[in-house]
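What follows is one structure encoded as structure tokens, with my remarks underneath.
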Amino acid sequence: MKTIEERKARWLGLYEPGVDSKFVYVIGCSEPEEGIDVPGRPPLWPQFRDERIEWAWKRYEAAVSRAKWLDDDAVPFLSVTSGTEIFAEAFGARVHRPDDNMPFAIPFITSPEQAEKIKVPRLEDTPLTRLLDIADELARRSGGEAPLQLPDMQSPMDVVAQLWDKTDLFPSMIEAPETVKELSEKIRTLQYAFLDEWFSRYGIDYIAHFPEYFMRGGITMSVDEIGSVSPEMYDIFFRDELNDMSRRYGGIGIHSCSDSRHQWGNLIKTEGLKMLNLYRPEPVLNESYRFFKDAAAMWPGNLVNNIGAALTRRPKKSYPKGCRIVLTEHAPTKEWAKRLAADMREEYGG
């Protein structure tokens with residue numbers, strides 16, 4: 001079996017371009033780990049702090065146990081999971097917390113004049129401290145040995161779209177672009193305060209919120225609103241903030257589940273792009289491998305298969321030479337998972 005450090009090294013190697021193709025693989029398994037009862041994820045509500053910590057700890061113990069018998073590339077980690085709402089809430093948005101789904105922010109800005117009045121809060125005065133509290137306890141339990149999973153980091157402009165009613169936001173992007181950009185910059189300021197605190201407390205080894213890939217340095221972001229705007233609007237509102245965040249932290253990984261094919265020419269120019277997850281149907285993903293092969297590693301995901309389920313497995317030779325791909329499979333039993341790992345090692349190497 002690979003050690004945890006060997007697994008980390010394979011992820012870091014994936015981010016380095018080369019002549020030959022590179023693959024890492026993550027295999028899910030439905031069979032539970034013996035003696036480890038992982039509870040269902042509790043609601044992501046403030047009053048469930050202790051339950052969230054216990055769920056994350058048990059999930060980590062199960063992952064450590066799995067790494068002892070399953071020879072894939074998954075790195076066990078501690079989940080500090082969240083919904084998309086965390087930075088919008090920090091700026092004053094109300095949050096709806098349904099019983100059967102993820103929490104989400106409710107927009108309250110309806111004009112540029114309202115947006116101009118928004119102030120950047122101090123980190124210590126926001127609900128973001130609840131996430132640091134959970135992370136502190138998980139880091140304490142592990143003795144600082146396990147990487148933590150970043151909460152859901154939405155791009156600054158994606159947070160703008162949570163705060164600002166889109167029926168007014170989209171016209172304002174044309175009629176009052178500087179006001180929109182100023183609000184995005186305020187959000188980025190708070191995100192920098194949070195991320196600087198996070199990395200100072202827990203180090204620069206971490207797991208992205210989605211998909212769950214290992215990073216050393218850099219930052220990972222969900223960037224979904226690019227599907228709603230033109231390439232020209234991307235250039236005005238998204239390009240500089242993503243490049244600035246990448247430069248500040250030493251690289252960037254991007255997840256996007258929007259229909260963003262028209263933005264590929266912009267995405268490929270993102271400075272320090274390390275990982276790209278396009279959560280799109282398989283024909284689109286097949287096209288993306290060749291387009292991005294020299295620009296970033298890719299974790300393919302689409303809207304039909306869950307992340308733990310495999311896309312149609314392709315022969316290694318069918319991928320463009322020089323691509324860097326995360327392959328996923330799922331097995332109902334441990335023995336099945338072991339056979340999958342052996343098959344994938346033989347086909348793709350590693």
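The values are calculated or read from the model by the stated rules, or taken from the named source; none is laboratory data. Please read all numbers here as calculations on a predicted model, not as lab measurements. All Cβ positions, even for glycine, are placed from backbone atoms using ideal geometry, and neighbour counts span all protein chains on display.
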For the structure I just gave you, tell me whether residue 324 is out of contact with any strand residue (DSSP E or B) (no Cβ under 8 Å at 6 or more places or on another chain) and of a type in the set (Lys, Arg). no
So residue 343 ticks every box in (1) modelled with pLDDT of 90 or more; (2) in contact with a Lys or Arg (Cβ under 8 Å, 6 or more places away or on another chain); (3) not hydroxyl-bearing (Ser, Thr, Tyr) but one. Which box is left unticked? (2)
So, of the residues in the range 82-117 that are of a type outside the set (Asp, Glu), without any contact (Cβ under 8 Å) to a residue 12 or more places away in the chain and not in a strand (DSSP E or B), which turns out to be surrounded by the fewest Cβ atoms within 10 Å (Cβ to Cβ)? 117
Hey, among the residues in the range 197-251 that are among the hydroxyl-bearing types (Ser, Thr, Tyr), over 22 Å from residue 134 (Cβ atoms) and touching a helix residue (DSSP H, G or I) at 6+ places or on another chain (Cβ under 9 Å), which one's surrounded by the most Cβ atoms within 10 Å (Cβ to Cβ)? 234
Go through the range 118-138 residue by residue and tally those that are buried (at least 21 other Cβ atoms within 10 Å of the Cβ) and within 19 Å of residue 241 (Cα to Cα). 0
If you check 139, 67, 115, 62, which single one turns out to be at pLDDT 95 or above and under 16 Å from residue 206 (Cα atoms)? 139
Considering only residues that are part of a helix (DSSP H, G or I) and surrounded by fewer than 24 Cβ atoms within 10 Å (Cβ to Cβ), which ones fall in the range 139-157? 139, 140, 141, 142
Within the range 329-350, can you find the residues that are of a type in the set (D, E, K, R) and within 18 Å of residue 314 (Cα to Cα)? 329, 339, 343, 345, 346, 347
Within the range 262-296, how many residues are surrounded by 16 or more Cβ atoms within 10 Å (Cβ to Cβ), assigned to a loop (DSSP other than H, G, I, E, B) and at negative phi? 5
Residue hits (the range 228-282; of a type in the set (A, V, I, L, M, F, W, C) and over 17 Å from residue 293 (Cβ atoms)) are 229, 233, 236, 237, 238, 242, 245, 252, 257
